[in-house]
Amino acid sequence: MKAVLGLSLALLAVPPAQAQMPGGAVAFRAAAELKRVGACLYNKYRGQSVALLNSAPGSSEEASAVYSARAHFNNCLSDDVAGISPDVTELRGAIAEAAYRATHPTDPDFSKIDHAQLPLPAAWTGGKVDPSALAGPDFAQCAVAADPQNAVALIRTEPRSPEEKAAIRQLAPLLGSCVVKDSKLTLDAAFLRALLSQALYRSVPAWQPAAMKKN
């Protein structure tokens, strides 16, 4: 029987045998499956994946790109999984993580790069989308600029693993200072990982050319 797995610790349905697994085991499997699906979507459906990552959160362009990405889900799922239910941020994050890994098999030496915080894309700002939809991305731009090494270390771990928890603890001291004033932002491991993956996808390619110009 195929399992239907929910992200963000939301279990939709599992076979009776799997329902007896220790707490968190199903969430671990769901997160691992989303990571695999993100890589599949990026590798096989590159145009649609990049369009989603470039779209402004909460925009009609994002909605269209999400619809396109979800249309390919069945082509990317493991044979024993009937479906997963990531929210839009998690879906974007899984694709962004795959894109970062594909373009950066090894990480830059951040000690030699000017990794100042970059603004969000101009197409996203200026009242074009609901500002509340940008609180998460803006927070993530700050976090990866403040500690890119540990942000990358986080997305190099397996989702919901002890290593992921340890990486989050390394980042924790700076996260509060990156929350935009008066914004409401609830973070769990899945959401934090998704936001940082997208910020790294946006920021690292921009940081590197700047470093090369200095050399």
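The values are calculated or read from the model by the stated rules, or taken from the named source; none is laboratory data. On a predicted model such as this, the values are computed, not experimentally measured, just so you know. Quick reminder, even Gly has a Cβ in these numbers, built from the backbone with ideal geometry, and neighbours come from all protein chains shown.
Residues checked against (1) assigned to a helix (DSSP H, G or I); (2) of a type in the set (Asp, Glu); (3) over 23 Å from residue 202 (Cβ atoms):
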{"residue": "27", "(1), (2), (3)": "yes, no, yes"}
{"residue": "39", "(1), (2), (3)": "yes, no, no"}
{"residue": "51", "(1), (2), (3)": "yes, no, no"}
{"residue": "65", "(1), (2), (3)": "yes, no, no"}
{"residue": "115", "(1), (2), (3)": "no, no, no"}
Could you figure out which of (1) free of Cβ contacts under 8 Å to residues at least 40 places away in the same chain; (2) touching an Asp or Glu at 6+ places or on another chain (Cβ under 7 Å) isn't true of residue 180?
-> (1)
Of the residues that sit in the stretch 192-215 and are of a type in the set (S, T, N, Q) and at pLDDT below 95, which one is nearest to residue 151 (Cα to Cα)?
-> 208
Can you name the residue in the stretch 95-111 that is closer than 21 Å to residue 142 by Cβ and over 12 Å from the mean Cα position of the chain (by Cα) and is also surrounded by the fewest Cβ atoms within 10 Å (Cβ to Cβ) among such residues?
-> 111
Single residue of the stretch 76-90 satisfying the filter (of a type in the set (A, V, I, L, M) and touching a residue at least 60 places away in the same chain (Cβ under 8 Å)) that is farthest from residue 32 (Cα to Cα) = 82
For residue 123, all conditions in the list (1) over 15 Å from residue 53 (Cα atoms); (2) over 18 Å from the mean Cα position of the chain (by Cα) hold save one; what is the number of the exception?
-> (1)
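Only one of 151, 189, 146 is surrounded by 15 or more Cβ atoms within 10 Å (Cβ to Cβ) and at pLDDT below 95. Can you tell me which? Explain how you work it out, then say what you get.
Details: 151 fails: at pLDDT below 95; 146 fails: at pLDDT below 95.
Among 151, 189, 146, only 189 is surrounded by 15 or more Cβ atoms within 10 Å (Cβ to Cβ) and at pLDDT below 95.
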Scanning the stretch 36-50 for residues that are within 13 Å of residue 100 (Cα to Cα), surrounded by 20 or more Cβ atoms within 10 Å (Cβ to Cβ) and in contact with a Phe, Trp or Tyr (Cβ under 9 Å, 6 or more places away or on another chain) gives 49
